[in-house]
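Quick notes on the structure that follows.
The values are calculated or read from the model by the stated rules, or taken from the named source; none is laboratory data. On a predicted model such as this, the values are computed, not experimentally measured, just so you know. Here the Cβ positions follow ideal geometry from the backbone for every residue, glycine too, while neighbour counts run over all protein chains shown.
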């Protein structure tokens, strides 16, 4: 990701009450979580930024899956039964195999307008749970669309053990 986009995301984090990444760290890079055998504790903001970069920005299912525990679960509870998008993916390998359906879905094909996207990260009393509200701005042909979602992250050992991703499915 370019420096300008990283800087904008760091400023957005500050505007929304979350702590910006320390100097020298990429706002949405894979960083320390890229090697699951070498885990170090990261902040909730850092993990969220890595998840967004792996998914919405770079659309890299391998990088996205590596942010989950081996038995991690991705859930999209508002996806209707029988929809082309998987509602639940259990295990890192199922996540790796199933996430490309999201990357290929027409509503998610448009690039994220990073400097106009806003999020609020909510800490909870459980140090392994945090919630993020996002209003992602997606670029279109002369039109920008806001895609709103709420994500609940449950962690174990610095990785995602359960992600509940709430968004409206559009056809």
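A few remarks follow.
- Answer from 91, 98 - the residue that is free of Cβ contacts under 8 Å to residues at least 40 places away in the same chain and farther than 25 Å from residue 146 by Cα: 91
- Yes/no for residue 99 being within 22 Å of residue 130 (Cβ to Cβ), touching a strand residue (DSSP E or B) at 6+ places or on another chain (Cβ under 6 Å) and part of a helix (DSSP H, G or I): no
- When 81, 71 are checked against the criterion of being surrounded by fewer than 19 Cβ atoms within 10 Å (Cβ to Cβ), in contact with a helix residue (DSSP H, G or I) (Cβ under 9 Å, 6 or more places away or on another chain) and not in a helix (DSSP H, G or I), a single residue qualifies: 71.
- Set side by side, the residues 25, 30 differ, and just one is over 20 Å from residue 133 (Cα atoms), at pLDDT below 50, within 14 Å of the chain's Cα centre (by Cα) and surrounded by fewer than 21 Cβ atoms within 10 Å (Cβ to Cβ), which is 30.
- Verdict on residue 93 being surrounded by fewer than 16 Cβ atoms within 10 Å (Cβ to Cβ), within 22 Å of residue 62 (Cβ to Cβ) and either at pLDDT 95 or above or under 15 Å from the mean Cα position of the chain (by Cα) (or both): yes
- When residue 64 is tested against (1) modelled with pLDDT of 70 or more; (2) in contact with a helix residue (DSSP H, G or I) (Cβ under 8 Å, 6 or more places away or on another chain); (3) surrounded by 13 or more Cβ atoms within 10 Å (Cβ to Cβ); (4) not in a helix (DSSP H, G or I), just one condition goes unmet, and that condition is (4).
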